[in-house]
Structure formats: C-alpha cells, structure tokens
1. Residue pairs, Cβ under 8 Å, 6 or more apart or interchain, first in the stretch 264-277 and at positive phi, second modelled with pLDDT under 95. List them.
2. Taking the condition closer than 16 Å to Phe102 by Cα and of a type in the set (A, V, I, L, M, F, W, C), does Val215 pass?
3. Would you be able to say whether some residue in the stretch 170-187 is under 22 Å from Phe256 (Cβ atoms), under 13 Å from the mean Cα position of the chain (by Cα), of a type in the set (A, V, I, L, M) and in a helix (DSSP H, G or I)?
4. Among the candidates Glu246, Glu179, Glu252, single out the residue that is acidic (Asp, Glu) and more than 21 Å from Arg64 (Cβ to Cβ).
5. Exactly one of these conditions fails for Val187: (1) out of contact with any helix residue (DSSP H, G or I) (no Cβ under 9 Å at 6 or more places or on another chain); (2) closer than 21 Å to Leu96 by Cα. Give me its number.
6. For the structure I just gave you, tell me whether Ser234 is under 20 Å from the mean Cα position of the chain (by Cα) and at pLDDT 95 or above.
7. Of everything in the stretch 106-137, what is part of a helix (DSSP H, G or I), small (Gly, Ala, Ser) and out of contact with any Leu (no Cβ under 9 Å at 6 or more places or on another chain)? Give them in sequence order.
8. Here are Asp229, Asp207, Asp202: which of them is exposed (fewer than 13 other Cβ atoms within 10 Å of the Cβ) and charged (D, E, K, R)?
Amino acid sequence: MSGRVRFLVFFLCLISLSAALGTGQAESLSDLPPLSIQDGTAGGDEALRPSPLPLPDDRPFIIRFGDRNVPRIALTMDDCYEIPFVRKAFELCGELGIVMTFYPLGCMLKEEDRELWQAIADSGCEIGTHTLYHNDIGKMDKATLLRNLLKPQEILDSLLGYHYPIRSIRPPYGNIEDENGNPSRAVRVLRQAGFDHVVNWDVSQTDPWKALPAVRNGSILLYHARWKDMECISVLVPELLKKGFEFVTVSELLDFPPLATSTDLYTYRLSDYQGRM
C-alpha cells in the first residue's frame, strides 16, 4: 500500500471515530463491563480475589478480634479432644459467671457426651465448629470441604435433639489458603455453606502472666482442651474479670443476631449443593 493510500485510510478512520463520538455511539466507561469487587477484573462474578473480602459490615472475612472500643472479650476452646478438660472449662464458666465459645471437631461430638453438650448449649455458652476432622481446609476439593464444613451441623443437631445453627467457624491451623497461598476457593465454599466469617484469634499464650497484658478490648482468646491451657485460663480469667473485661460468646462479640433454634434437624446432602458448585 502506498503512503498516500495509507494516509487516506487513516484519515477516513478519524472521521468515523469523530462521528461516533458526536452521536454517543462510542463505548464510554459507563458502557464497559463493571469491575468486579471480588477480583478487580471486568466481569468474573464467580472469581474471588486472593485476600479476605470486606463484607457489607466492613469487617474482614477472617476475624481476629472484635470492637477495640468496648471491654468485651471472647474465650474460646478448640478441638475438644480431651472431654474432661472441656467439662472443666464449662464448670469454670459456671463458677465465675461467664460464657465462652467451644469449637469442637465434628468427630468429637459423641453420643456419650450428649449431656455435656446439651448443658453447654443450654447455659448460654456457644458451640461453633472446628470442621469435621482437623485437616487443612484450604487444600480440600469443594465436595470434601463442604462435607467437612456441614457434617458437624448434622452431628450436633442429632446430639442435641433440635436444630442449633452453627454460626461461627474456626478453621484448623487458622488457615484457609491453598498450596499457592490463595484463599479464594475456601472462601467461596465457606460462603456457600453459610459462613460469612471465619474466626481466628489475637491471644493464645498459655502463660497467664504473658497473656494478661496481651488482652485488649475485643480480644479473642484461643485455648485447647488440655491440662496446660486449663491451668492458664484458671488464673487468667479471674485476673481479666478484675480488670473489668466482660466475657461474651464470639457471636455476641461480633454482634450476630440472637440464636434461633428450631425442631427441623439438619441433614447434610451433597446433592443439595452440587447445582451451585
């Protein structure tokens, strides 16, 4: 193509573009696909960006503490392998007039401990979940993850004899990332399972005199059902009460709506979720 012809083609293109702009036919920014708040790309509603997502209440997906302006804190206990120490922690709550949140593994909700779990639920303490087994959920496929998230609800309902909605979850190891450090797959499945947050912690020292200065307004304290941890909280909790802290459940700390139980027992069926996977 000669230089003269190339110039003519370029000139005609300019004229066409000017006409389009003048008649409003050119694509404006408002006409482009909106940026997805999940992944920062055009469209892609199914994609999630590889970091905890802000919810409408402006809290991150992974929560480590509550309101720093109010002297309320949440004592929590994970795993619950050693039921005698779960019982001791519950008895301590009764003695000191406090509540706490238990995060048992689903596999530890056993028939022989039915009365204990019923008493915990009736007392105002909270039962959350630490998933079914103590496996890294960020590395599970979707079907396996859904079962690990939701089977504990079925087990708990069967144990209590009524539907007690589990609203608070703590992932094993506090982790939801996959092999590449990306939490997006787990976040998507967690939300599909009805969890808008996962709850981690900001205090976990088992020396009470090291833990004491670390506790702040809104702190979430992590402990386990074992001798060393019980020794710690037996000293720590009275000291925190002296300092004026109020112990609340995790759901109360995060201002979740009041618990609403029902007679409809939950049964986990993967088929209920496969159409949305």
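1. From the stretch 264-277, no pairs qualify.
2. no
3. Yes, the stretch 170-187 contains a residue that is under 22 Å from Phe256 (Cβ atoms), under 13 Å from the mean Cα position of the chain (by Cα), of a type in the set (A, V, I, L, M) and in a helix (DSSP H, G or I).
4. One residue alone meets the criteria, Glu179.
5. All conditions pass for Val187, except number (2).
6. Considered against the rule, which asks whether it is under 20 Å from the mean Cα position of the chain (by Cα) and at pLDDT 95 or above, Ser234 comes out as no.
7. Ala119, Ser123
8. Exactly one residue qualifies, and that residue is Asp207.
The values are calculated or read from the model by the stated rules, or taken from the named source; none is laboratory data. In this text the structure is predicted, and so the values were computed from the model without any measurement. Backbone-built Cβ (ideal geometry, glycine too); neighbour counts: all protein chains shown.
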